[in-house]
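Below: the structure, in structure tokens.
The values are calculated or read from the model by the stated rules, or taken from the named source; none is laboratory data. Given the structure is predicted, the values throughout are model-derived calculations rather than measurements. Here the Cβ positions follow ideal geometry from the backbone for every residue, glycine too, while neighbour counts run over all protein chains shown. Just so you know, the surface numbers come from the protein's heavy atoms only, side chains and all, with ligands and any DNA or RNA stripped out. Shrake-Rupley method; radii C 1.70, N 1.55, O 1.52, S 1.80 Å.
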Amino acid sequence: MKKLVMMLTVGMMVLSGCGNGSSDKQGSDEKKKWTIATVAPYEPYEMINEKTNELEGFDIELGEAIAAKLGYEIEWQNLEFDASLLAVQQGQVDMVIAGLSPEPDRLEVMDFSEIYYQDETQTTNTVVTLKDKGYQSVADLKGKIAGVQNGTIQQSAVEGIAEEYALTIETRKEYADIVQEILNGNIDFMVCEQAMADNNIAVYSELTSFPLGVGNDSSGNAIAFKKGSALKAEIDPVIQEMKENGEMKKLIDKWFGAK
């Protein structure tokens, strides 16, 4: 677990210019440090421990492991999802580690590491809703209110079927807000990765899930960098090494469950 340095909104980030691309700019006499954005809570990738107020999760441990191998310290910044993407594009942070998928529109404006995690059963787009709604397939969602997190591939997937299924789309900054809206009866369902769906169902027995079955599923998770960043060439070999020596599997088994 690592200290949560700061939490910023989009407006605060843009106005203050927080963060900087430390590794690309630092001199030889400066301590090597990365500023890394993440987007907590997004279980099990990144969460905030309620007792310690520290970041923990799969992505957090992965980032720390990579940094240790390359001799870097990390300053974590917990941002809103769309703010994290803007921050890395503008060079205000060195990278984003937040369960990101290198989708075509993102590849146009950011560079990505090689895929560090992909499991179709865990990353597939999944509907989360109340059990008593009785929804069992996408056909049951016609005319309903969908909740999505701003800037995610799940938002794109739902928008892609909104007209066909007459969906009303409600966007929120955090999935936790959407879950509460579902529990309160204000939103009918949300779409997220299966891994996050499982975590929410474990906490709230009123919830259930099923595969969306349409739209774009995740192509896997990768680290996002500013276009042209030298960090991709530095980090890709470490990710490959961790896959080959079993370290990556140990992290996956810890946070997603051994199979």
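Remarks
- Members of region 213-238 found to be closer than 22 Å to M47 by Cα and not in a strand (DSSP E or B), listed by number: S218, G220
- D82 vs. criteria acidic (D, E), in contact with a Gly (Cβ under 7 Å, 6 or more places away or on another chain) and either at pLDDT 95 or above or assigned to a helix (DSSP H, G or I) (or both): yes
- Among residues of region 212-222, those that are farther than 21 Å from A67 by Cβ, of a type outside the set (D, E, K, R) and either open to solvent by less than 40 Å² (accessible area, probe 1.4 Å) or within 19 Å of the chain's Cα centre (by Cα) (or both), counted: 6
For (1) farther than 24 Å from E80 by Cα; (2) in a strand (DSSP E or B); (3) of a type outside the set (V, I, T), each residue gets a yes or a no:
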{"position": "E163", "(1), (2), (3)": "yes, no, yes"}
{"position": "D177", "(1), (2), (3)": "no, no, yes"}
{"position": "N186", "(1), (2), (3)": "no, no, yes"}
{"position": "N199", "(1), (2), (3)": "no, no, yes"}
{"position": "S205", "(1), (2), (3)": "yes, no, yes"}
{"position": "F210", "(1), (2), (3)": "yes, yes, yes"}
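- Residues considered: F256, F225. Of these, the only one that is open to solvent by less than 50 Å² (accessible area, probe 1.4 Å), closer than 21 Å to N200 by Cβ and in contact (Cβ under 8 Å) with a residue 12 or more places away in the chain is F256.
- When region 161-190 is filtered for residues that are open to solvent by less than 40 Å² (accessible area, probe 1.4 Å) and either without any contact (Cβ under 8 Å) to a residue 24 or more places away in the chain or touching a Cys at 6+ places or on another chain (Cβ under 7 Å) (or both), the ones remaining, listed by number, are A162, Y175.
- Region 228-242: number of residues that are closer than 23 Å to E103 by Cα and either among the hydrophobic types (A, V, I, L, M, F, W, C) or buried (at least 16 other Cβ atoms within 10 Å of the Cβ) (or both): 9
- Counted residues, region 109-147 - those being surrounded by fewer than 19 Cβ atoms within 10 Å (Cβ to Cβ), of a type in the set (S, T, Y) and within 23 Å of the chain's Cα centre (by Cα): 2
- If the condition is being open to solvent by 40 Å² or more (accessible area, probe 1.4 Å), at pLDDT 95 or above and in a strand (DSSP E or B), then region 37-70 contributes only E56.
- Residue within region 177-189 that is under 30 Å from K243 (Cα atoms) and not hydroxyl-bearing (S, T, Y) present: no
- Hey, A195 open to solvent by 40 Å² or more (accessible area, probe 1.4 Å) and assigned to a helix (DSSP H, G or I) or not: no
- In the set (1) within 18 Å of A40 (Cα to Cα); (2) assigned to a helix (DSSP H, G or I), E241 fails one condition alone, (1).
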